[in-house]
Amino acid sequence: MLKWDQLHENLEKAAESHQQLASRFNRFAMFVDDQLLPNTFHIKGISVVMHLDHGFFVTTFAGRTLHFVFSSSATESGALIGNIRCYLKSEFPEPGCVEIGGLNFTGSGQTNLFEPENKAPITIDNDLQSLYVVLHFIQVALSKA
């Protein structure tokens, strides 16, 4: 067990780090929402509903509803990283969600995903890269029954 003062210090750092990561997730969600405005985006039929006060947002396309859910977790060093998990909602045979993928990101927004062309890390601090990530998971969902 940690000493009392070390426990307090670690938890204070964790709370601050979690807030920073949650803020990055919210910015990621807003980038996606801004890019998918119905009158401006060329692929029609993608909708976005924000639930950022609950740590997620929802996209709907071609009869598929995806939940992008934020959380944080500690690395081996004790530092927090952000997690975004993507769940495909289903109603039949019973209501539920199935995880179809996810990513992790650092406090600077760098993810563990890489661009296919140049193998550069993708960041969620960029509007087009944020959109690319969400469109990727929408494409994955199309292969799910």
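A few remarks follow.
- Selection within the range 114-145 - more than 19 Å from VAL48 (Cα to Cα), open to solvent by less than 80 Å² (accessible area, probe 1.4 Å) and more than 12 Å from the chain's Cα centre (by Cα): GLU115, PRO116, ALA120, PRO121, ILE122
- Restricting attention to the range 65-86, the residues that are touching a Ser or Thr at 6+ places or on another chain (Cβ under 9 Å), closer than 21 Å to ALA141 by Cβ and of a type outside the set (A, V, I, L, M, F, W, C) add up to 4.
- Filter pass, GLU91 being more than 17 Å from the chain's Cα centre (by Cα), charged (D, E, K, R) and farther than 24 Å from ASN112 by Cβ: yes
- Residue match in the range 34-42 (condition: open to solvent by 40 Å² or more (accessible area, probe 1.4 Å) and within 19 Å of ARG85 (Cβ to Cβ)): no
- Of the strands (runs of 3 or more DSSP E) lying entirely inside the range 25-139, the ones with 2 or more residues being under 28 Å from ASN10 (Cα atoms) are found at 64-74, 80-90, 96-105, 110-114.
- Residue satisfying condition, being surrounded by 13 or more Cβ atoms within 10 Å (Cβ to Cβ), farther than 28 Å from GLY96 by Cβ and not acidic (Asp, Glu), within set ARG64, ARG27: ARG27
- Residue check for GLU9: of a type in the set (D, E, K, R) and outside any helix (DSSP H, G or I): no
- Residue pairs whose Cβ atoms lie under 8 Å apart, sitting 6 or more positions apart in sequence or on different chains, and linking a residue in the range 1-22 that is closer than 16 Å to LEU80 by Cβ to a partner that is surrounded by 10 or more Cβ atoms within 10 Å (Cβ to Cβ) and of a type in the set (Val, Ile, Thr), are LEU21/ILE81.
- Condition check for GLY101: open to solvent by less than 40 Å² (accessible area, probe 1.4 Å) and over 18 Å from VAL133 (Cβ atoms): no
- ILE81 vs. criteria farther than 21 Å from GLY109 by Cα, in contact (Cβ under 8 Å) with a residue 60 or more places away in the chain and open to solvent by less than 50 Å² (accessible area, probe 1.4 Å): no
The values are calculated or read from the model by the stated rules, or taken from the named source; none is laboratory data. Computed from a prediction, not measured in an experiment: that's the story for all the values here. Don't worry about glycine lacking a Cβ; one is built from the backbone with ideal geometry, like all the others, and counts go over all protein chains shown. The protein model used for the area step is the full one, side chains on, heavy atoms only, and it has no ligands, DNA or RNA in it. Shrake-Rupley method; radii C 1.70, N 1.55, O 1.52, S 1.80 Å.
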